[in-house]
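Everything below concerns the one structure shown next.
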């Protein structure tokens with residue numbers, strides 16, 4: 001029986017003993033082992049602190065290697081940091097307080113029990129923390145979808161571009177976006193903002209956003225290495241595997257941001273799946289590439305689906321940015337400082353880099369004098385003179401990369417010569433190309449068109465490099481094309497001409513300076529463009545032995561007019577006494593030209609002088625000469641300029657060129673008497689001058705005014721005529737009753753050479769015949785401007801077996817004036833590129849387009865009448881009843897000007913007409929008499945002409 005009881009009871013006792021004895025023993029330990037418990041607790045605390053510090057050092061070292069703390073370690077750190085160390089300190093202090101001076105604990109049993117229990121439990125908590133073991137404290141994690149990049153805070157002006165690009169990225173699955181613009185305009189900031197936009201986005205649109213700086217001297221290996229590093233793929237220096245990158249990315253949605261691209265980048269070579277290829281992942285993965293570049297060509301080479309052209313800041317945005325950089329409180333502290341600050345911002349012309357760089361330099365400038373000085377330096381393009389600019393370390397060298405990257409030295413020279421024009425000047429592209437020709441940058445051309453075409457290509461190259469920009473001249477209505485050099489880019493060009501600031505004797509370009517006297521530092525200059533207030537400012541001009549280019553403007557101020565200025569005597573406006581009391585001679589000093597023997601390029605077009613000294617003949621190296629507009633004496637010494645290639649004559653009172661002069665200029669390539677403006681000159685080429693032209697072997701183009709005769713026209717057949725005026729005003733009447741615009745009259749080469757044609761003052765002329773004479777390929781394909789003036793007997797313009805749009809495909813300007821016998825001008829509506837139409841003083845003209853005219857019916861159906869017309873001016877046409885009886889679309893019209901056409905009661909404008917109309921200039925008496933259905937609809941555009 002006892003054995004049975006032992007078998008049943010022993011297991012129960014063995015099982016229950018730990019639950020009964022151990023708790024009792026633990027309670028005794030709380031009471032009788034207080035000192036041991038407190039010591040074990042404090043030892044555990046010291047050990048825990050030491051382990052925490054060791055672990056922290058290990059984590060810091062790992063982070064220096066780019067590693068991240070492991071989650072379990074981070075959790076342990078959190079538990080240790082949350083552990084209440086203050087309670088350990090309180091337990092220790094309570095124990096010390098209960099121990100008497102001979103180290104005998106207090107005899108308060110209850111208190112000792114509670115304190116021992118607290119110490120024991122705290123020790124157990126720390127023992128549990130100390131038991132944790134970590135094989136690895138930190139590890140290298142794969143990169144996240146994106147990393148945030150530092151960007152300036154002032155990017156609000158780019159918000160519209162950022163929104164446009166972000167919207168495109170969200171709406172499309174694949175695509176390439178190019179962001180182009182000049183250096184310093186803010187392209188990199190915008191690209192970083194795109195990166196940060198998707199870094200902050202929580203929608204998971206892209207698995208990876210990869211920002212890579214390409215730069216000018218890039219290698220495929222370096223780019224692959226950067227991409228692999230950003231993706232967390234293995235990479236050994238620059239030997240990252242393109243296949244590994246491709247295998248990884250083709251199953252991901254990615255956005256690749258490439259900064260500073262200078263040429264086409266083969267995405268396949270760097271392992272990036274083509275964003276345009278159709279593939280089986282396309283339905284679920286986005287592939288997008290966005291890049292920045294200074295060259296529009298790169299956008300084309302990269303086959304960008306969308307191109308964003310970044311422009312400089314508008315004035316308000318530029319002002320806000322500059323105030324933020326320079327210090328708004330500082331600028332607002334003084335009205336003079338604020339005014340100078342606005343001048344500085346105006347000189348920066350909205351270029352972000354200039355605003356930021358100069359703004360930083362101005363933060364420490366506290367006085368108005370300092371700000372005035374900086375504004376003055378910037379007006380003179382003297383950035384090195386600005387204190388705090390750090391020798392342009394962040395400014396011009398950054399911009400100069402675009403210049404260095406141009407494909408040839410010739411193109412770099414072309415860019416530098418763009419700086420000869422003043423600030424904010426719209427440069428006519430033909431004027432720029434002629435400047436390049438005069439400086440020998442467009443040599444080796446067979447004909448003048450080739451030179452202009454080559455110059456046009458160079459202009460395109462500079463625009464593609466964002467060093468030149470196209471501008472619209474609102475007064476011009478598309479007659480010419482214009483470009484402009486940004487003010488800071490112009491300053492860059494002048495800085496380069498001074499050997500990047502090392503040579504203080506670089507080009508002197510002050511075209512709007514109006515100096516009272518010449519600067520002292522002109523002696524060693526190679527290029528000078530200055531303006532002076534008076535011809536006397538040229539006295540004492542120094543010996544400029546290095547000077548090669550001189551552009552001189554001379555203003556002439558007479559002061560208050562003499563009282564006899566307005567007197568009429570003997571039927572003349574001015575009296576002889578008036579002329580005897582003033583000196584009308586405005587002559588360059590004779591010794592002036594003797595001090596510049598190396599001169600090759602001389603432009604006097606804006607020099608208000610009427611006499612050139614014979615010493616001009618001593619400029620034996622001169623190749624380009626543009627004469628003043630008001631010469632009264634044509635110096636024969638010009639015949640001594642044996643190396644002259646380009647001669648431009650604007651006007652001179654002698655009306656003819658002295659015989660023998662042209663023939664002596666044996667190297668002459670261009671003679672242009674019509675260079676001032678369309679058809680304006682009073683200089684005729686006489687028949688003996690024509691003989692001189694024919695012996696010039698190098699002649700490539702002429703602009704001439706002649707009295708038309710069969711013999712003269714026949715002798716000029718093979719002369720390359722770029723501008724031609726047939727005019728009888730000063731040389732008697734002509735017996736021409738009919739003139740044909742044909743190969744036999746103008747020469748077959750006029751098809752491509754002739755750009756401007758003027759027929760005027762031929763009072764006997766009754767018909768003008770346009771004919772190809774059987775040569776179906778012949779037309780005036782390059783004719784840009786046509787003027788028919790003072791032809792009182794002209795009744796018909798006959799189109800013989802040809803269509804207007806074929807014969808004059810490129811005509812932009814048509815001026816018809818004082819052609820009293822014309823009754824209709826239907827053919828004008830068929831000119832496909834006509835932009836400007838002037839019709840004046842045509843007494844018998846009743847309509848411009850006759851409804852139902854056979855030649856008009858086809859185009860009426862197609863709706864192409866005047867499709868390119870931008871400016872229509874009708875003046876003093878007393879019998880004009882209508883332009884067109886129906887309604888015209890006129891999709892391009894911007895301005896209509898009407899005066900003294902009193903029978904014109906309505907305009908061919910409907911509700912859907914003239915959507916681009918900006919102004920309707922009408923004399924008040926005409927407008928009151930007009931009445932058509934939609935007159936009120938166009939009253940908003942009305943500008944009443946009080947005087948005409």
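The values are calculated or read from the model by the stated rules, or taken from the named source; none is laboratory data. Because the structure is a prediction, the values reported are computed rather than measured. Backbone-built Cβ (ideal geometry, glycine too); neighbour counts: all protein chains shown.
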Can you pull out the residues in region 907-929 that are surrounded by fewer than 16 Cβ atoms within 10 Å (Cβ to Cβ), more than 36 Å from the chain's Cα centre (by Cα) and not in a helix (DSSP H, G or I)?
-> 911
Working only within region 429-446, note down all residues that are in a loop (DSSP other than H, G, I, E, B) and surrounded by 16 or more Cβ atoms within 10 Å (Cβ to Cβ).
-> 439, 441, 442, 445
Filter pass, residue 816 being buried (at least 20 other Cβ atoms within 10 Å of the Cβ) and in contact with a strand residue (DSSP E or B) (Cβ under 8 Å, 6 or more places away or on another chain) | yes
Filter region 456-471 for residues that are out of contact with any strand residue (DSSP E or B) (no Cβ under 7 Å at 6 or more places or on another chain) and either free of Cβ contacts under 8 Å to residues at least 40 places away in the same chain or in the same structural domain as residue 181 (by TED's automatic domain parsing) (or both) and give the result.
-> 456, 457, 460
Among the residues of region 88-140, which ones are loosely packed, with under 15 Cβ neighbours inside 10 Å, modelled with pLDDT under 80 and closer than 12 Å to residue 45 by Cα?
-> 89
Going through region 773-801 one residue at a time, which ones are in a loop (DSSP other than H, G, I, E, B) and crowded, with 19+ Cβ neighbours inside 10 Å?
-> 779, 780, 783, 784, 790, 791, 794
Looking at region 685-707, which of the residues that are under 21 Å from residue 762 (Cα atoms) and surrounded by fewer than 20 Cβ atoms within 10 Å (Cβ to Cβ) is modelled with the highest pLDDT?
-> 690
Could you run through region 860-879 and say how many residues are without any contact (Cβ under 8 Å) to a residue 40 or more places away in the chain and either assigned to a helix (DSSP H, G or I) or within 12 Å of residue 839 (Cα to Cα) (or both)?
-> 9
Members of region 200-214 found to be at pLDDT 80 or above, out of contact with any helix residue (DSSP H, G or I) (no Cβ under 7 Å at 6 or more places or on another chain) and part of a loop (DSSP other than H, G, I, E, B), listed by number = 207
Give the residue that is farthest from the chain's Cα centre (by Cα), with candidates limited to residues of region 714-741 that are over 15 Å from residue 794 (Cβ atoms) and surrounded by 19 or more Cβ atoms within 10 Å (Cβ to Cβ).
-> 716
Residues of region 323-375 classified as within 15 Å of residue 386 (Cβ to Cβ), free of Cβ contacts under 8 Å to residues at least 60 places away in the same chain and part of a helix (DSSP H, G or I), total | 20
Is there a residue in region 594-610 that is over 24 Å from residue 662 (Cβ atoms), modelled with pLDDT under 75 and not in a loop (DSSP other than H, G, I, E, B)?
-> no
From (1) out of contact with any helix residue (DSSP H, G or I) (no Cβ under 9 Å at 6 or more places or on another chain); (2) buried (at least 17 other Cβ atoms within 10 Å of the Cβ); (3) modelled with pLDDT under 85, pick out the condition that doesn't hold for residue 289.
-> (3)
Could you please give the count of residues in region 399-428 that are outside any helix (DSSP H, G or I) and touching a residue at least 40 places away in the same chain (Cβ under 8 Å)?
-> 11
When you look at residue 807, is it modelled with pLDDT of 95 or more and either within 25 Å of residue 478 (Cα to Cα) or touching a strand residue (DSSP E or B) at 6+ places or on another chain (Cβ under 8 Å) (or both), yes or no?
-> no
Would you say residue 245 is crowded, with 16+ Cβ neighbours inside 10 Å and under 30 Å from residue 462 (Cβ atoms)?
-> no
Residue that is surrounded by the fewest Cβ atoms within 10 Å (Cβ to Cβ) [pool: residues in region 742-769 that are without any contact (Cβ under 8 Å) to a residue 60 or more places away in the chain and either in the same structural domain as residue 446 (by TED's automatic domain parsing) or assigned to a strand (DSSP E or B) (or both)] | 767
